[in-house]
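The values are calculated or read from the model by the stated rules, or taken from the named source; none is laboratory data. For clarity, every value in this text was computed on a predicted model and none was experimentally measured. Cβ: placed from backbone, ideal geometry, glycine included. Neighbour counts: every protein chain shown.
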Number of protein chains: 2
Amino acid sequence: MKNSRGLSRRVFLSGMLAAGASACRNGMAEVLLTESGSGEVAARGDSADAYAWDTQGILELRKSPFAKLHCVPVHAVAIQEGFWSERRHTNRTSSIPSLRVSLEEHGRMDNFRRLSGRSQAPRLGRIASDADVYKWLEGASFVLQSQDDPELRGQVQDIVSMIKAAQEPGGYLNTYYVGEHVPERMTPLVQETGSELYCFGHMLQAAIAYYRATGDPVLIETGQRFLDQFLIPSYGPAEEKKPIVSGHPEVEMALIELYRTTGDRRCLDLAGYILQGDERILLSPEKVDNLYCGIPFTSRTKLQGGHAVRALYACCGATDYYLETGDRAYLRTLSLLWEDLHDRQMYITGGLGALSQGESFGDDYEMPNARAYCESCAAIASMMWNWRMLAATGDAQYADMIEQALYNGINSGMSLDGRTYCYRNPLAFDPAWSTGDRHTPNGQLRNSWYDTTCCPPNLERTFASLPGYFYSMSEQGVYVNLYDNSELNWMLASGNKFRLRQTTRYPWDGDIAIDVTCSSPETYTVFVRIPRWSQRCDVRVDGKPAEGARPGTYLPIRRQWTGGEVIRIKLDMTPRLIRANEAVLADTGRVAFQRGPVVFCMEGQDQSSRPQSSLSAYSVYDSGDTSFSYDPAVLRGVGVLNHPGWQRSAPSSQPLYQVSSENRSEAKPVDIKMVPYYAWGNRGMDAMQVWMSLAYPGKGS
Amino acid sequence: MKNSRGLSRRVFLSGMLAAGASACRNGMAEVLLTESGSGEVAARGDSADAYAWDTQGILELRKSPFAKLHCVPVHAVAIQEGFWSERRHTNRTSSIPSLRVSLEEHGRMDNFRRLSGRSQAPRLGRIASDADVYKWLEGASFVLQSQDDPELRGQVQDIVSMIKAAQEPGGYLNTYYVGEHVPERMTPLVQETGSELYCFGHMLQAAIAYYRATGDPVLIETGQRFLDQFLIPSYGPAEEKKPIVSGHPEVEMALIELYRTTGDRRCLDLAGYILQGDERILLSPEKVDNLYCGIPFTSRTKLQGGHAVRALYACCGATDYYLETGDRAYLRTLSLLWEDLHDRQMYITGGLGALSQGESFGDDYEMPNARAYCESCAAIASMMWNWRMLAATGDAQYADMIEQALYNGINSGMSLDGRTYCYRNPLAFDPAWSTGDRHTPNGQLRNSWYDTTCCPPNLERTFASLPGYFYSMSEQGVYVNLYDNSELNWMLASGNKFRLRQTTRYPWDGDIAIDVTCSSPETYTVFVRIPRWSQRCDVRVDGKPAEGARPGTYLPIRRQWTGGEVIRIKLDMTPRLIRANEAVLADTGRVAFQRGPVVFCMEGQDQSSRPQSSLSAYSVYDSGDTSFSYDPAVLRGVGVLNHPGWQRSAPSSQPLYQVSSENRSEAKPVDIKMVPYYAWGNRGMDAMQVWMSLAYPGKGS
């Protein structure tokens, strides 16, 4: 059997796995993989198999017994001219190419080449550096899932063959644990903090994304060899094997996606074993908290103390495990942890992981603004986890959180020109502050390079895979998760082809039109998401009201669709003044501004009258007088808010403490201008704040 | 020449120093020291020398050319039944004895004994552990300066001889840098972070306090041997010597006090050299900031980033250096740093050093409440520095800061029973928070023991030396710095004896009566301190108004005092609602309560209606309705404030974020009860907060 280019000999995966495989997943045996991994690609649609590589989305959930929703392929969605198209264009033409050059310049590729004799350069980078290459590769592969790009494809294939060549005959692959570091492989301490399996997990995710872009399973085979020849023979629950602890969770979700792709049940079982923890390894309570591993996942009740990315990657893996096994203990734990995140740990930007110390979740409600850590990777991990929870439940609350993170705490992580990235995403900043750490060199929060450059490629893979998040499918029909000009061309469970085409100026405008086209009339449901923040909304089909829309749910519109119908959604874009729960001590006496999904902030340079550099001299009224406009001249075109407030004399001219009744410094009324939070710091690092001091009636502060 | 007990042969210090000494200080040569160090004591007043050991106070400033004020001996002041007497009684009868036992139990004494073969126990404790013994010894010696106590004196003398016996023949003395650690002595890294000279500085301070208690110079001689035989021959500015960097400043002030005590000018010069920094040692910018050394002290402009105790101990040494040399560059730098502390870095409790990370000062105005580090030692260092600045200037602003720290951020550091101590002194606490670090094991802030037990003996020496802070002397007369029932018996510059006797219920009451008695009539000035916080005050002498009292100054009352006069001072004890500068983001929308020098806080258990454990449900009105009462039944008798406010529903039942206009949870009016901050956490670790959320008119929050 040949593919359309006639270049690759195909074999059944079940054959490839014959040596070490256990039971293959029902119906998955016919997934086709190339044998040679020669870097040659299969063409899309070259298979009669409904589950073929080119039909797989971000996750392959169509056979997952406990998935209520499943994904559409990334290529099935075209995001058109609108809010996200420029971001994605920048990602493809600026971020991904420039990061590839940076990875080269910092020796990250040579780390691999050296192992096959193609480079003499010394190893550079930290223990987890391989993962940064893998994440770049995954991002580039998602670009190729959307559209072919011969130049990028060539670069990707070079890197793929470079990785493959670096694999040892015994299946091992990691550029750090070589030479003098060989004895450290899989030692207990390295398992805890050495990022060895973390790198392998990212390798698998890249392998799968590359496979879904090209049909070429070469890296999947590489990963499979790591499993078959190195990991599984020596590590695992069996008494004669050594125990595994996954000190930086990541490999769990990767193993389960590999299981979904190849049908190798051992991968799912291995993930389950890792999530359960091996009693032979006893971690200190601090490590159990921070590394978020080492005890049964289902025994957890809190995120507090957990390294944010580790904790949420563990949640991703656990959700994947639930999606395959239906183990209710997992769903209970996941729900508890999600509530913990949603109710007590999440910044209004969707950012999370408040503390620099341990890159971790703080106490309940502990969310400092200036010192907020809010690693870009953590907001991305939240999006990934919520995507899995959405698949498990179909509950719109997870889509709400995806939107919140995506438009704000993730989107802030990449500069508008796509050349610099935030590791931290604080909610207040002042150039006079030194709130930095090793990820904010010289107080700079937007940098083109980090020695641990995890966030840049993570942002890139997120934006590259974004089309795959816009829609979901179920037995009943199609879910519209996100709004922007876009077109979905895919098929229903029946096999009928259909198209949804969105037309909107979202998020600057709340009007969305969705044109429905079908190859033939069929009764199914279009689930349109009513965001939680839209307290009023109006949904019509061909002008007739569709009843029952409630904020924070999907409105199911079930009917026979014949094609040509138009769904019109009007969301409530009234600017909102948000108060935090009183227990959030950092936000006492403050409000934040939100409009639609976009959180706003004030930057010093936008204020007509600016007191030195500090924004703490400003306060705003708790009133409904916010006005909105779209300004094409600001920050490449953004929505802008204006709100009345006060400007007091510069704080530095006031005493540190003052009797309240004497606390009457000069204040003048001002118009406070706000821009979207995601765009802050794109005109130099100026003072910024999301949470603004409330003006007291009559006192100006 | 024999002392009254006839036990010690005396020698002139100048003789003792003959081997290595340079010029002795004018007029100091006749200071008498025992030669043998046999632990036998001289009796008070057994010298015709006006500068004899038993006339020396906390600092010996009477010959310091640039000191405007100088100290009275600790024994000249008797603190009588009142606010501080119970604290001092507890310190003497509970804290100091129990800490001695703890130091024994944790091997800190055996560390010394082992070196003279008196113990076989292995060394315990961290690198700076010797300093903890020295500080205990200094505290006990201050107790003995006030009053003899044979049992304590015996214990002190045992420890003194134990220390002396641990000194090597070559003069070296440190229980850590022995055996395998000998090669580390004074290596660059140990100088930076090894606490070697820090320990030596505390050894000198203990030696001097012991000398001023007993007349026995044995430990001064020990210190002198360290200098003469170990340090000075090999280290210092000369080209053939190795450079010194004082990685934990402390030795500077100790060396200068040694100079004041012995007249050995080399000690002053060495301190000056250390404060200047040696260009042969180049520290990283981070170390220059945090260790607060390595560059000329006079080049500093900020405290930001500095380890709080290091920075302020450096300021102490620098002020001492100014007091002896009059170098104006030092005074300029000290004034700048003091303003930085006072205007941008100091908690309302007088606590300082906001950040756990590096135990350091944060950015300007960065003062988190729950995570406040506020090490007890740092507030004490502030008191010590302000004491020196007060001596240099006679400016009451320094006495104000001493009072603020003493009554609040220092006083909070020791439990009311004297058995437990705070390392950190946060301004908000909740048992549900895990804001701990290694100094708050299991979230406990009051502990009887810390592995680095610097704060407990530091608190002890502060309370033991407290009488020495109450009054100062100058050419013009006497300064009244602090208020409490007390009696000063001392002499004027003329040699005339006089007595001041305070009668007051301060700090619970603002009325103070001072009876003046003189051995013969003389014209001089009694400077009475009008605290900065007392916006109104009334001062009378024998019923006649003394004009010119201004808050934050000393009111000079110059007249011929014949004895029998009564000065009456009425301070304004109206409770004050305090607002922080807007730039203090942690205090936005909050007020704190103060009355007199005492800062108040609310603790959960005092509230009649308590919502679960969180105090964030409470808010207070910005009004003048605070009432005060003294409650002898609470916390061994304290002043209590009551103020009207609101209690809302428990925060945990509210969403994390809510549109402001919908943010109307149930609120009920409540009476909020507050107790002094210094007494918090003495009835179990309950929720506590100093800064309270302001109620918005009509909204209850």
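Out of all the residues in the stretch A:469-479, is one or more outside the structural domain of A:Glu375 (by TED's automatic domain parsing), farther than 23 Å from A:Met384 by Cα and among the aromatic types (Phe, Trp, Tyr)? Within the stretch A:469-479, none of the residues are outside the structural domain of A:Glu375 (by TED's automatic domain parsing), farther than 23 Å from A:Met384 by Cα and among the aromatic types (Phe, Trp, Tyr).
Here the condition is being part of a loop (DSSP other than H, G, I, E, B) and over 16 Å from B:Ser486 (Cα atoms); of B:Pro556, B:Pro507, B:Pro551, it holds for B:Pro551 alone.
Considering B:Gly510, B:Gly564, the condition of being of a type in the set (Gly, Ala, Ser), at positive phi and not assigned by TED's automatic domain parsing to the domain that holds B:Ile79 is satisfied by B:Gly564 alone.
I'd like to know if the stretch A:516-533 contains one or more residues that are part of a strand (DSSP E or B), under 14 Å from A:Lys570 (Cα atoms), among the hydrophobic types (A, V, I, L, M, F, W, C) and touching a residue at least 40 places away in the same chain (Cβ under 8 Å). Yes, because at least one residue in the stretch A:516-533 is part of a strand (DSSP E or B), under 14 Å from A:Lys570 (Cα atoms), among the hydrophobic types (A, V, I, L, M, F, W, C) and touching a residue at least 40 places away in the same chain (Cβ under 8 Å). Of the residues making up the stretch B:298-312, those that are outside any helix (DSSP H, G or I) and either surrounded by 19 or more Cβ atoms within 10 Å (Cβ to Cβ) or more than 14 Å from chain A (Cβ to nearest Cβ) (or both) are B:Arg300, B:Leu303, B:Gln304, B:Gly305, B:Gly306, B:His307. Sort out which residues of the stretch B:665-692 are at pLDDT 95 or above and within 10 Å of chain A (Cβ to nearest Cβ), and write them in order of number. The answer is B:Gln689, B:Trp691, B:Met692.
Of the strands (runs of 3 or more DSSP E) lying entirely inside the stretch B:562-664, those carrying at least 1 residues that are within 13 Å of chain A (Cβ to nearest Cβ) are B:576-580, B:590-595, B:598-603, B:618-620, B:638-648, B:657-659. Just one of B:Glu286, B:Glu257, B:Glu252, B:Glu239 is among the charged types (D, E, K, R) and assigned to a loop (DSSP other than H, G, I, E, B); which is it? One residue alone meets the criteria, B:Glu239.
Just one of the listed residues (A:Glu324, A:Glu339) is over 22 Å from A:Gln191 (Cα atoms), charged (D, E, K, R) and touching a residue at least 12 places away in the same chain (Cβ under 8 Å), namely A:Glu324.
Which numbered condition in (1) under 24 Å from the mean Cα position of the chain (by Cα); (2) touching a residue at least 40 places away in the same chain (Cβ under 8 Å) is the only one that A:Gln502 fails? (2) is the only condition that A:Gln502 fails. Of the strands (runs of 3 or more DSSP E) lying entirely inside the stretch A:434-503, the ones with 3 or more residues being touching a Lys or Arg at 6+ places or on another chain (Cβ under 8 Å) and either basic (Lys, Arg) or modelled with pLDDT of 95 or more (or both) are found at A:477-480, A:486-491.
Among the residues of the stretch B:138-197, write down those that are assigned to a loop (DSSP other than H, G, I, E, B) and among the polar types (S, T, N, Q).
Start the filter on the stretch B:138-197 by keeping residues that are assigned to a loop (DSSP other than H, G, I, E, B), which leaves B:147-149, B:167-178, B:185-187, B:194-195.
Hits for the stretch B:138-197 are B:Gln147, B:Gln167, B:Asn174, B:Thr175, B:Thr187, B:Ser195.
Right, A:Gly552: assigned by TED's automatic domain parsing to the domain that holds A:Asp509 and either without any contact (Cβ under 8 Å) to a residue 60 or more places away in the chain or of a type outside the set (Ser, Thr, Tyr) (or both) or not? Spell out the reasoning first.
Details: assigned by TED's automatic domain parsing to the domain that holds A:Asp509: yes; either without any contact (Cβ under 8 Å) to a residue 60 or more places away in the chain or of a type outside the set (Ser, Thr, Tyr) (or both): yes.
In short, yes.
Per the listing A:Arg595, A:Arg636, the residue uniquely of a type in the set (Lys, Arg) and touching a Phe, Trp or Tyr at 6+ places or on another chain (Cβ under 9 Å) is A:Arg595. Scanning the stretch A:260-270 for residues that are under 13 Å from A:Leu323 (Cα atoms) and either β-branched (Val, Ile, Thr) or crowded, with 24+ Cβ neighbours inside 10 Å (or both) yields a single hit, A:Arg260.
May I ask you to say which residue of A:Tyr273, A:Tyr259 is of a type in the set (Ser, Thr, Tyr) and closer than 23 Å to A:Glu240 by Cβ?
A:Tyr273
Taking the stretch A:445-497 as the range and being of a type in the set (Ser, Thr, Tyr) and within 24 Å of A:Leu427 (Cβ to Cβ) as the test, the residues that pass are A:Ser448, A:Tyr450, A:Thr452, A:Thr453, A:Thr462.
Here A:Val288 meets each of (1) among the β-branched types (Val, Ile, Thr); (2) surrounded by fewer than 21 Cβ atoms within 10 Å (Cβ to Cβ); (3) touching a residue at least 12 places away in the same chain (Cβ under 8 Å) with one exception, condition (3). Pairing residues of the stretch B:683-695 that are in contact (Cβ under 8 Å) with a residue 60 or more places away in the chain with residues that are of a type in the set (Asp, Glu) and part of a loop (DSSP other than H, G, I, E, B), at Cβ distances under 9 Å and at least 6 apart in sequence or on separate chains, gives B:Asp686/B:Asp430; B:Ala687/B:Asp430; B:Met688/B:Asp430; B:Gln689/B:Asp430; B:Ser693/A:Glu582; B:Leu694/B:Asp622; B:Ala695/B:Asp622.
Here is a yes/no grid of residues against (1) closer than 20 Å to A:Gly247 by Cα; (2) free of Cβ contacts under 8 Å to residues at least 24 places away in the same chain:
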{"position": "A:Ala131", "(1), (2)": "yes, no"}
{"position": "A:Tyr134", "(1), (2)": "yes, no"}
{"position": "A:Glu138", "(1), (2)": "no, no"}
{"position": "A:Leu144", "(1), (2)": "no, no"}
{"position": "A:Pro150", "(1), (2)": "no, yes"}
{"position": "A:Asp158", "(1), (2)": "no, yes"}
{"position": "A:Gly171", "(1), (2)": "no, no"}
{"position": "A:His181", "(1), (2)": "yes, yes"}
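Just checking: which of the helices (runs of 4 or more DSSP H) contained wholly in the stretch A:64-137 hold 3 or more residues that are surrounded by fewer than 18 Cβ atoms within 10 Å (Cβ to Cβ)? Explain how you work it out, then say what you get.
Working: elements: A:83-90, A:96-105, A:110-113.
Fully inside the stretch A:64-137 and qualifying: A:83-90, A:96-105.
The residue of the stretch B:486-524 that is surrounded by the most Cβ atoms within 10 Å (Cβ to Cβ), among those that are charged (D, E, K, R) and farther than 19 Å from B:Val539 by Cβ, is B:Glu487.
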